[in-house]
1. Can you pull out every residue in the stretch 132-158 that is open to solvent by less than 90 Å² (accessible area, probe 1.4 Å), touching a residue at least 12 places away in the same chain (Cβ under 8 Å) and either part of a helix (DSSP H, G or I) or under 24 Å from Leu169 (Cα atoms) (or both)?
2. How about the stretch 91-131: which of its residues are open to solvent by less than 50 Å² (accessible area, probe 1.4 Å) and either farther than 28 Å from Phe259 by Cβ or small (Gly, Ala, Ser) (or both)?
3. Condition (residue is closer than 15 Å to Tyr79 by Cβ, touching a Phe, Trp or Tyr at 6+ places or on another chain (Cβ under 9 Å) and not hydrophobic (A, V, I, L, M, F, W, C)) applied to the stretch 104-121: is it met by at least one residue?
4. Taking the stretch 1-19, which residues are open to solvent by less than 60 Å² (accessible area, probe 1.4 Å) and either in contact with a Lys or Arg (Cβ under 9 Å, 6 or more places away or on another chain) or not in a helix (DSSP H, G or I) (or both)?
5. Can you tell me which residue among Val144, Val170, Val93 is touching a strand residue (DSSP E or B) at 6+ places or on another chain (Cβ under 8 Å) and hydrophobic (A, V, I, L, M, F, W, C)?
6. Does at least one position in the stretch 195-216 carry a residue that is surrounded by fewer than 19 Cβ atoms within 10 Å (Cβ to Cβ), without any contact (Cβ under 8 Å) to a residue 40 or more places away in the chain and touching a helix residue (DSSP H, G or I) at 6+ places or on another chain (Cβ under 8 Å)?
7. Could you please find all residues in the stretch 110-131 being closer than 19 Å to Asp99 by Cβ, assigned to a loop (DSSP other than H, G, I, E, B) and not small (Gly, Ala, Ser)?
8. Test Trp226 against the criterion of being open to solvent by 20 Å² or more (accessible area, probe 1.4 Å) and on the phi > 0 side of the Ramachandran plot, and give yes or no.
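The values are calculated or read from the model by the stated rules, or taken from the named source; none is laboratory data. Computed from a predicted model, the values in this text were never measured in an experiment. Here the Cβ positions follow ideal geometry from the backbone for every residue, glycine too, while neighbour counts run over all protein chains shown. Accessible surface areas use protein heavy atoms only, side chains included; no ligands, DNA or RNA. Shrake-Rupley method; radii C 1.70, N 1.55, O 1.52, S 1.80 Å.
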Amino acid sequence: LVYIQLHIAVSLRNEAPSWNSLGTLRWWVVMYTVGATITQMLFLACHEISHNLAFRKFSHNKMFGLFANIPMVFPFFMYFKFYHNEHHKYQGVEGVDTDLPTAFEAKLLSNPVGKAFFLFFQTWFYALRPLFVKQPVITRWHVVNYAVQFLSIGAIAYFFGWGPIVFLLVSDHFAGGFHPLASHFIAEHYAFKGDVETYSYYGPLNLLTWNVGFHNEHHDFPTVPWSRLPCLYELAKDRYYKELPYHESWTNVLVQFLFNPKYTLYNRVKRADKHNIADKNYQGAADYTGGWLLGLGMKEKPKEDVQ
């Protein structure tokens, strides 16, 4: 996927939008249907890798995550790894789970125009919100993440110009916005029925998203790889998952969220931070996804650094 995305970006560099051109129709069609789709697939591959499910060693997973990050231009993998681990450990806790919209976002964007604005720019809300909510512990892997992106994107721009970078950036934008695959951001944790806070989706788009639709299953067993989640569902559905509400269509989720006044950015289950978790940082916490549940492969406890 990394090669395909970069190859397309380079191949269409002369058709990209610029200061004096909107770009060709072919460029826009390929960018949306292929580029944005691959970007979302790579993001969800990074999600899978962030759970240390590609290799046995933590360091190998990190290196692979940095590689998968390259076509997304910005160095996000190590930040995401930290924040996503917090999301699993403290889902819904304000000031810790950065998947939650902030109170400012919810107040400003819970009207029809605001929701459309939020969906259109959802990639950047998702990317930038964590940096304003909770600062991560910066490690040498973050520095490496920056270095890999700087050298990779710099080399592409030097040898092929800015056309490929435009393709990659616009693909980033649409991959998390008005795109069928992007609806998983809304479908997973927005409360569509009562106070149920996590929803699965069992439809065909799972084939393009590493089965991230099996989301209740993923949260219950975050160390089970994407390829085994359907098997897990079949084994446990009669006892655990059969009665839970789920989404039949991700596209319909986008439509309902956008046009139904019942669904806004307030439709999230929130928990008060009773133990001041937001004031604590855990060195190396990103390596412990799943270990706090199953106790597998953990050689040391995270060091607590109280600010």
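1. Listed by number, the residues that qualify are Val133, Trp141, His142, Val144, Asn145, Val148, Gln149, Ser152, Ile153, Ile156.
2. Filtering the stretch 91-131 for residues open to solvent by less than 50 Å² (accessible area, probe 1.4 Å) gives 91-93, 95-102, 105-106, 109-110, 114-116, 118-119, 122-123, 125, 129-130.
Selection gives Gly92, Val93, Gly95, Val96, Ala106, Ser110, Gly114, Ala116, Pro130.
3. no
4. Filtering the stretch 1-19 for residues open to solvent by less than 60 Å² (accessible area, probe 1.4 Å) gives 2, 5-6, 8-10, 12, 15-17.
Answer for the stretch 1-19, where residues must be open to solvent by less than 60 Å² (accessible area, probe 1.4 Å) and either in contact with a Lys or Arg (Cβ under 9 Å, 6 or more places away or on another chain) or not in a helix (DSSP H, G or I) (or both): Leu12, Glu15, Ala16, Pro17.
5. Just a single option satisfies the conditions, and that option is Val93.
6. Within the stretch 195-216 (the criterion being surrounded by fewer than 19 Cβ atoms within 10 Å (Cβ to Cβ), without any contact (Cβ under 8 Å) to a residue 40 or more places away in the chain and touching a helix residue (DSSP H, G or I) at 6+ places or on another chain (Cβ under 8 Å)), the answer is no, since none of the residues qualifies.
7. Residue satisfying the conditions is Phe121 alone.
8. no
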